[in-house]
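> Sharing a structure, written as structure tokens. Questions coming.
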Amino acid sequence: MSDILYSSLVLSSKADSGGGSSDNQDLLGVSFDGTNAAGTRTYGAADLSFTKSTDAAAGTDPFRDNPIYQGYYVLVKYNSTTQKAEIVAYEGTKKYDDMITANEEDFDVVRMFPLFYFKHIIDSQGKIQIVLSKTAKTGFKPSPMHYRNGVLHEWIGITRYAWGNAGSGTIASRAGLYPLTNTTRADFETKARARGMRVFGMKELSALQMLGAVKYANLNWQTAIGPGFTEAPATDRTVTVAQENANSVILSASYAADFPVGASIYLASNDFRTITANETYSEDDTMIEVSFGGSPFTSTTSTKVHGGLAINGSADAVKGLDGQNTSMHTSGGRRSIITLGIENLFGNCWKFLTDTMRMNGTSVSYFNPDPDGDNTYPEDSNLRGWQAGPTILTTEGYIKRFTPTYSLGDLTHLSIPAELGGNQSNPVGDYQYSNAATERKCCLFGGGLGLGAVAGPFFLVWRSGLGVSWWYIGALGVFIPDL
């Protein structure tokens with residue numbers, strides 16, 4: 001897109017937002033100049049101002065009154081008779097509150113997003129124009145997460161929390177669970193589909209990227225809604241006193257603050273466990289007691305312990321749908337964040353993108369147009385209908401520029417880096433990592449513990465093999481009510 005065309009789009013959108021037709025007032029937009037992370041809201045968004053919420057004070061969010069952003073929470077359960085996931089309670093009802101309070105049933109908390117339409121234009125200089133509409137308009141495309149295999153869905157739900165470990169090999173998205181990690185993308189798919197759900201992918205991420213870019217008027221979301229998890233929680237701590245068949249570990253007392261009650265802890269070769277007590281063991285040591293999450297474990301003085309992931313629901317105290325839990329106990333600034341009604345969309349743990357990969361022996365991205373059908377990764381000899389996308393940079397660094405729209409074909413919703421060399425603030429603030437290895441790679445997004453400022457909703461990593469499972473890789477779920 002030429003500078004002249006880009007400038008005309010920005011100028012016309014500003015003019016429309018200041019008293020144009022009611023048709024244009026129904027649009028919400030933002031433009032980015034390719035140099036700064038902060039953008040300029042356009043059309044009906046021009047006079048709107050968002051400020052984040054915290055657990056201490058509510059911010060301002062006029063976007064929640066706009067039909068494009070009028071989502072809500074529901075509780076979803078699998079119906080074994082219909083073999084479908086179904087809504088069983090709506091936010092604001094007594095049944096919803098009672099089920100949440102009792103926490104006795106096997107349900108998932110899901111954030112519902114209404115259908116919208118978009119224009120997403122990126123030029124060769126990195127300038128970006130995003131315009132959203134509640135209704136179909138000439139030149140607009142339907143939200144990628146709502147348009148699935150040729151079917152347009154009025155509502156799509158995304159789990160409020162990362163898939164949590166519900167015990168006995170099951171998953172759920174509820175408060176009080178720690179995110180399930182250390183399992184493969186295929187295992188997440190199997191477990192999610194057994195609940196009538198799907199696993200979050202590029203279609204969902206692209207839609208949320210556009211919604212958030214307009215709402216926050218910023219590509220560096222950490223500056224808009226909070227910095228998320230910093231490096232301290234990921235630091236390895238070494239056991240100081242060995243134990244056999246215990247439900248506790250003994251560490252140096254100087255590390256006690258890293259492991260607050262209610263958080264989770266990961267011990268090498270074991271699952272995450274919830275911390276139930278943090279007590280003095282001796283003058284020099286502290287004992288971290290954990291919930292019984294399986295067989296007791298034996299720790300030696302060489303055992304490494306990780307300060308764990310935030311328990312699902314850690315950000316429920318935030319007084320609004322977008323902001324951070326500032327009172328969450330940390331030793332180094334760790335926070336839980338609500339983004340568009342989803343907890344820790346970026347940060348805390350990496351998330352799989354189930355419909356995205358890097359092909360064997362190339363640096364070309366591939367995308368699954370029908371992730372609700374066959375979710376098996378393609379091979380050189382059988383692409384299974386996956387589509388080739390933009391070239392992936394086989395290096396790492398802060399994002400400077402995304403792939404221009406004219407190079408994306410039908411995949412105009414994507415945000416794949418075309419140039420690196422930015423910094424932790426501008427023009428995006430997020431990172432990309434890839435390498436020149438030839439084997440097929442899955443795609444992770446967001447960032448995990450220990451990444452600090454480099455994390456964010458545009459942070460993509462293409463370095464792990466297709467069968468990877470790691471102690472801080474998890475996944476989000478997707479609910480399609482009329483699937």
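> When residues of the range 107-142 are filtered for being over 21 Å from A217 (Cβ atoms) and of a type in the set (V, I, T), how many remain?
Of the residues in that region, 4 qualify.
> List the number of the failed condition for S8; all other conditions in (1) under 29 Å from E419 (Cβ atoms); (2) modelled with pLDDT of 95 or more; (3) not in a loop (DSSP other than H, G, I, E, B) hold.
Condition not satisfied by S8: (2).
> Scan the range 163-178 and report the pairs whose first residue is at positive phi and whose second residue is not aliphatic (A, V, I, L, M), with Cβ atoms within less than 9 Å and a gap of 6+ or a chain change.
Matching pairs, first to second residue: G167/G293; G169/K191; G176/N103; G176/G164; G176/T274; G176/N312; G176/G313.
> To continue, here is another question. Counting residues that are touching a residue at least 60 places away in the same chain (Cβ under 8 Å) and under 22 Å from the mean Cα position of the chain (by Cα), which strands (runs of 3 or more DSSP E) fully inside the range 42-139 reach at least 2?
So the answer is 72-79, 108-114, 117-122, 128-133.
> Among (1) surrounded by 20 or more Cβ atoms within 10 Å (Cβ to Cβ); (2) more than 17 Å from F445 (Cβ to Cβ); (3) modelled with pLDDT of 95 or more, which single condition is L219 missing?
Condition not satisfied by L219: (2).
> Taking the range 161-209 as the region of interest, how many residues are under 26 Å from H146 (Cβ atoms) and modelled with pLDDT of 95 or more?
Counting residues in the range 161-209 that are under 26 Å from H146 (Cβ atoms) and modelled with pLDDT of 95 or more gives 31.
> Please specify each residue of the range 344-356 satisfying the condition of being modelled with pLDDT under 95 and either part of a strand (DSSP E or B) or not assigned by TED's automatic domain parsing to the domain that holds P390 (or both).
W350
> Filter the range 80-98 down to residues that are over 20 Å from P481 (Cα atoms) and surrounded by 10 or more Cβ atoms within 10 Å (Cβ to Cβ), then give me how many there are. Steps first, answer last, please.
Looking only at the range 80-98, we keep the residues that are over 20 Å from P481 (Cα atoms), and these are 94, 97-98.
Within this subset, residues satisfying the condition of being surrounded by 10 or more Cβ atoms within 10 Å (Cβ to Cβ) are 97-98.
Number satisfying all stated conditions: 2.
> Quick one: which residue in A56, A37 is small (G, A, S) and out of contact with any helix residue (DSSP H, G or I) (no Cβ under 9 Å at 6 or more places or on another chain)?
Only one candidate passes the filter, namely A56.
> Another question about this same structure. Give the residue that is surrounded by the most Cβ atoms within 10 Å (Cβ to Cβ), with candidates limited to residues of the range 371-398 that are closer than 21 Å to F200 by Cα and of a type in the set (D, E, K, R).
Step by step, filter the range 371-398, then rank; the result is D372.
> Output the number of the condition that E244 fails; it satisfies all remaining conditions of (1) under 19 Å from L177 (Cβ atoms); (2) at pLDDT 80 or above; (3) charged (D, E, K, R).
(1)
So that you can scan it fast, the table gives a plain yes or no per residue for (1) at pLDDT below 95; (2) under 25 Å from G157 (Cβ atoms); (3) in contact with a strand residue (DSSP E or B) (Cβ under 7 Å, 6 or more places away or on another chain):
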| position | (1), (2), (3) |
| --- | --- |
| A37 | no, no, yes |
| G44 | no, no, yes |
| P67 | no, yes, yes |
| Y72 | no, yes, yes |
| K95 | no, yes, yes |
| D98 | no, yes, no |
| D106 | no, yes, yes |
| Y117 | no, yes, yes |
| Q129 | no, no, yes |
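> Here is a list: V468, V454. Which entry is at pLDDT 90 or above and of a type in the set (A, V, I, L, M, F, W, C)?
Going through V468, V454 in turn, just one is at pLDDT 90 or above and of a type in the set (A, V, I, L, M, F, W, C): V468.
> Would you kindly identify the strands (runs of 3 or more DSSP E) lying entirely within the range 428-483 that contain at least 3 residues that are under 17 Å from N368 (Cα atoms) and either in the same structural domain as H413 (by TED's automatic domain parsing) or of a type outside the set (F, W, Y) (or both)?
441-446
> For Q25, work out the one condition from (1) surrounded by fewer than 18 Cβ atoms within 10 Å (Cβ to Cβ); (2) modelled with pLDDT of 95 or more it doesn't fulfil.
Status for Q25: all satisfied but (2).
> Tell me, which residue of the range 111-132 that is over 17 Å from E204 (Cα atoms) and not hydrophobic (A, V, I, L, M, F, W, C) is surrounded by the fewest Cβ atoms within 10 Å (Cβ to Cβ)?
Q125
The values are calculated or read from the model by the stated rules, or taken from the named source; none is laboratory data. The model shown is predicted, which means the values in this text are computed figures rather than measured ones. No Cβ is skipped: glycine too gets one built from the backbone with ideal geometry, and neighbour counts run over all protein chains shown.
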